[in-house]
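Chemist: Below you'll find the structure I mean.
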């Protein structure tokens, strides 16, 4: 957990009056869940799980090694995404993390799941590749925010897509 990253994201989200924020809503229900539940324009709820990516985690790594490290982050976080709602994983990156890096990690996970690489997923706490895919479909997209860059990468397999209006609102946050 990185409280500073969570507070930075909360402060950023609260800049937009169209967004209302609840912290750790799922904890009250005694279940693991995302850091924030956000309501956009009083009628569109979505969840945000925050994870800081530190330079030390990716420093000196080639594209494949970066993808594997991001895969580990995704495997750790998708289990927190509840069904039936838009869920975003917000990566607060202290160092360069490109949209291509995120897409590579997402593609690698999808390939592993489709090839039914059971050992890979059981080592990461899932009963099977199929169980991982069920959880992965709850992830609507990944937000990458770092100095000088802001991108929303959709999950093509998501059951609940990020509405374009919400993507526009999130991008406006970065321009302040």
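Chemist: In this structure, is residue 150 touching a helix residue (DSSP H, G or I) at 6+ places or on another chain (Cβ under 7 Å) and farther than 21 Å from residue 71 by Cβ?
Modeler: Spelling it out, residue 150 is indeed touching a helix residue (DSSP H, G or I) at 6+ places or on another chain (Cβ under 7 Å) and farther than 21 Å from residue 71 by Cβ.
Chemist: Could you count how many residues in the range 50-73 are modelled with pLDDT of 90 or more and either over 10 Å from residue 104 (Cα atoms) or over 17 Å from the mean Cα position of the chain (by Cα) (or both)?
Modeler: Going through the range 50-73 one residue at a time, the tally reaches 5.
Chemist: Let me ask something else. Go through 159, 145, 171 for me and flag whichever is within 21 Å of residue 37 (Cβ to Cβ), modelled with pLDDT under 90 and surrounded by fewer than 19 Cβ atoms within 10 Å (Cβ to Cβ).
Modeler: 171
Chemist: While we're looking at this one, here's another question. Based on what the data block shows, is residue 19 surrounded by 18 or more Cβ atoms within 10 Å (Cβ to Cβ) and over 17 Å from the mean Cα position of the chain (by Cα)?
Modeler: yes
Chemist: Go through the range 33-69 and give me each residue that's touching a helix residue (DSSP H, G or I) at 6+ places or on another chain (Cβ under 7 Å) and loosely packed, with under 13 Cβ neighbours inside 10 Å.
Modeler: Scanning the range 33-69 gives a single hit, 63.
Chemist: I'd like to check something: does the range 97-120 contain any residue that is within 18 Å of residue 9 (Cα to Cα) and in contact (Cβ under 8 Å) with a residue 40 or more places away in the chain?
Modeler: Yes, there is a match, as at least one residue in the range 97-120 is within 18 Å of residue 9 (Cα to Cα) and in contact (Cβ under 8 Å) with a residue 40 or more places away in the chain.
The values are calculated or read from the model by the stated rules, or taken from the named source; none is laboratory data. Computed from a predicted structure; not experimentally measured. Here Cβ is always computed from backbone atoms with ideal geometry, including for glycine, and neighbour counts include all displayed protein chains.
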